[in-house]
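Asks: What follows is a single structure, and I will ask about it in a moment.
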Amino acid sequence: MFPRENHSNGYEQVGAMGPTHTHTHRERVRRGTRRSRASSSSHSVRVFDQSQPHHRPPCTDFDVAYFHSYAHLGIHQEMIKDRVRTETYREAIMQHQSFIAGKVVVDVGCGTGILSIFCAQAGAKRVYAIDASDIALQANEVVKANNLSDVVVVLHGRVEDVEIDEEVDVIISEWMGYMLLYESMLGSVINARDRWLKPGGLILPSSATLYMAPVTHTDRYNDSVDFWRNVYGINMSAMVPLAKQCAFEEPSVETITGENVLTWPHVVKYIDSYSVTINELESVTTKFKFNSMMRAPLHGFAFWFDVEFNGNAIASTNYNSTTSFIDNHQMNGSQRKKRTNPNEALVLSTAPEDPPTHWQQTLIYFYDPIELEQDQLIEGLVTLSQSRENARFMNIHLEYTSGGRSHVKESVMR
């Protein structure tokens, strides 16, 4: 998949990572964690292995495959071309320039190094750009091409493995996956926070919120299922059960609009970057209760998230304020937008009514729709848990009841 020799850009595939792995389409085209293997192809990039005396989680074969997938340039091109994502991060960095100028920054999962360079442009004294994928080798070339080698230090290794000999003032990371928690990159941010961040240091983004809401999507259902009922005048209804399984067995990442959403959203999980722990991310459960705002078929549930960049949140929110934030959102369904004045925090949103991003929305479709009346109650619970097979995968357990009938949907995001 990737070339191994005779590269003018200094890239070299290293065999130390183990056997060749194949990747799903999602692994090849999705953004997420960037961590690494050792490489001898560049003497100006620091390379780390796991023999150093520091307690760290093991690097599994799944991790190795994951790191391999992020050496592919197309993934990073997709992320950078997402102007909502990239411009919001740049705006967040410049708005927090007073926290960054003259300070030490860590960029967790730096990819091509673009956020690290933004931080350098904001006046950072030093930026440690950490990535486990071989894209770190190209990132180092980008840093040199922009005459920033005296500021940006590229560290080619897992955050869990690299060593930094000083405390840092700022941690920045674009760690969010599909459905916010897919790929489990937030654990690396937590690791960096607990190892290196000074008391009172800044984390960008400062918080994140995962939402869910019931949706209707007749066109999608018709295109995937009802198509088979009459194909050029031929009755192919025998294909319908298989069509439902193929289309709806796994979560679907796609773009919907606000018109598809039947109610105000429910907060599944609020994350405070300063206090979240790795253990609490292993399994997230929430009970939900919705009342449909219209008469329509219920086809499933959509999930999306937003993240907030708020330097004023450096003092970690206490439990009561976090609870109040969540309760407030659950009761009135309000969603914060990008700030309209300097006193409001900057928000990067992936909501259906906001400009589309490469994250889109994640939909859990039912095999059969439920016909809803206006104000009809939909209640249940959802559990999102890390897969035992691979912690970067997400198990989704959904229980829901409406119209006197109860249902269970199990799926895996892999």
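The values are calculated or read from the model by the stated rules, or taken from the named source; none is laboratory data. In this text the structure is predicted, and so the values were computed from the model without any measurement. Glycine also receives a Cβ, built like all others from the backbone with ideal geometry; neighbour counts cover every protein chain displayed. Surface accessibility is based on the protein's heavy atoms, side chains included, excluding ligands, DNA and RNA. Shrake-Rupley method; radii C 1.70, N 1.55, O 1.52, S 1.80 Å.
Asks: Mind checking which pairs have a first residue in region 372-384 that is at positive phi and a second that is small (Gly, Ala, Ser) and modelled with pLDDT of 95 or more, Cβ under 9 Å, 6 or more apart or different chains?
Replies: Matching pairs, first to second residue: Asp375/Ser292; Gly380/Ser402; Gly380/Ser406.
Asks: Also: Identify all residues within region 191-203 that are part of a helix (DSSP H, G or I) and either buried (at least 23 other Cβ atoms within 10 Å of the Cβ) or assigned by the TED database to the domain that holds Val162 (or both); write none if there are none.
Replies: Hit for region 191-203 is Ala192, nothing else.
Asks: Residues in region 234-264 that are farther than 26 Å from Pro356 by Cα and open to solvent by 70 Å² or more (accessible area, probe 1.4 Å): how many?
Replies: 7
Asks: Give the residues of region 88-124 that are within 23 Å of the chain's Cα centre (by Cα), among the charged types (D, E, K, R) and buried (at least 19 other Cβ atoms within 10 Å of the Cβ), sorted by residue number.
Replies: Asp107
Asks: Can you pull out the residues in region 149-164 that are part of a loop (DSSP other than H, G, I, E, B), open to solvent by less than 10 Å² (accessible area, probe 1.4 Å) and aliphatic (A, V, I, L, M)?
Replies: Hits for region 149-164 are Val159, Val162.
Asks: Looking at Arg26, Arg30, Arg85, Arg37, which is the one that is at pLDDT 60 or above and either touching a helix residue (DSSP H, G or I) at 6+ places or on another chain (Cβ under 9 Å) or open to solvent by 20 Å² or more (accessible area, probe 1.4 Å) (or both)? Even if it seems obvious, please write down each step before you answer.
Replies: Numbers: Arg26 fails: at pLDDT 60 or above; Arg30 fails: at pLDDT 60 or above; Arg37 fails: at pLDDT 60 or above.
On inspection, the qualifying residue turns out to be Arg85.
Asks: State the number of residues belonging to region 165-185 that are assigned to a loop (DSSP other than H, G, I, E, B) and of a type outside the set (Gly, Ala, Ser).
Replies: Total meeting the criteria: 12.
Asks: Looking only at region 380-402, filter to residues that are part of a loop (DSSP other than H, G, I, E, B) and either of a type outside the set (Gly, Ala, Ser) or modelled with pLDDT of 95 or more (or both); which one of those is surrounded by the fewest Cβ atoms within 10 Å (Cβ to Cβ)?
Replies: Within region 380-402, the first condition is being part of a loop (DSSP other than H, G, I, E, B), and the residues that meet it are 387-393.
Filter again for either of a type outside the set (Gly, Ala, Ser) or modelled with pLDDT of 95 or more (or both), leaving 388-390, 392-393.
Details: Arg388: 8, Glu389: 11, Asn390: 17, Arg392: 23, Phe393: 17.
Per the stated criteria, the residue is Arg388.
Asks: Can we say Ser206 is open to solvent by less than 10 Å² (accessible area, probe 1.4 Å), at pLDDT 95 or above and more than 28 Å from Thr60 (Cα to Cα)?
Replies: yes
Asks: Right, here's the next one. Against the definition (under 25 Å from Asn279 (Cβ atoms) and either out of contact with any Ser or Thr (no Cβ under 8 Å at 6 or more places or on another chain) or outside the structural domain of Pro251 (by the TED database) (or both)), how does Ser402 come out, yes or no? Don't jump to the end; show me each part of the working.
Replies: Working: under 25 Å from Asn279 (Cβ atoms): no; either out of contact with any Ser or Thr (no Cβ under 8 Å at 6 or more places or on another chain) or outside the structural domain of Pro251 (by the TED database) (or both): yes.
Considered against the rule, which asks whether it is under 25 Å from Asn279 (Cβ atoms) and either out of contact with any Ser or Thr (no Cβ under 8 Å at 6 or more places or on another chain) or outside the structural domain of Pro251 (by the TED database) (or both), Ser402 comes out as no.
Asks: For region 330-351, check the following and say yes or no: at least one residue is modelled with pLDDT of 95 or more, in a loop (DSSP other than H, G, I, E, B) and closer than 27 Å to Val84 by Cβ.
Replies: Yes: one or more hits.
Asks: Using the structure shown, decide if Leu181 is open to solvent by 10 Å² or more (accessible area, probe 1.4 Å) and on the phi < 0 side of the Ramachandran plot.
Replies: Yes.
Asks: Do we have any residue at all in region 126-144 that's of a type outside the set (A, V, I, L, M), part of a loop (DSSP other than H, G, I, E, B), open to solvent by 10 Å² or more (accessible area, probe 1.4 Å) and at pLDDT 95 or above?
Replies: Checking region 126-144: not a single residue is of a type outside the set (A, V, I, L, M), part of a loop (DSSP other than H, G, I, E, B), open to solvent by 10 Å² or more (accessible area, probe 1.4 Å) and at pLDDT 95 or above.
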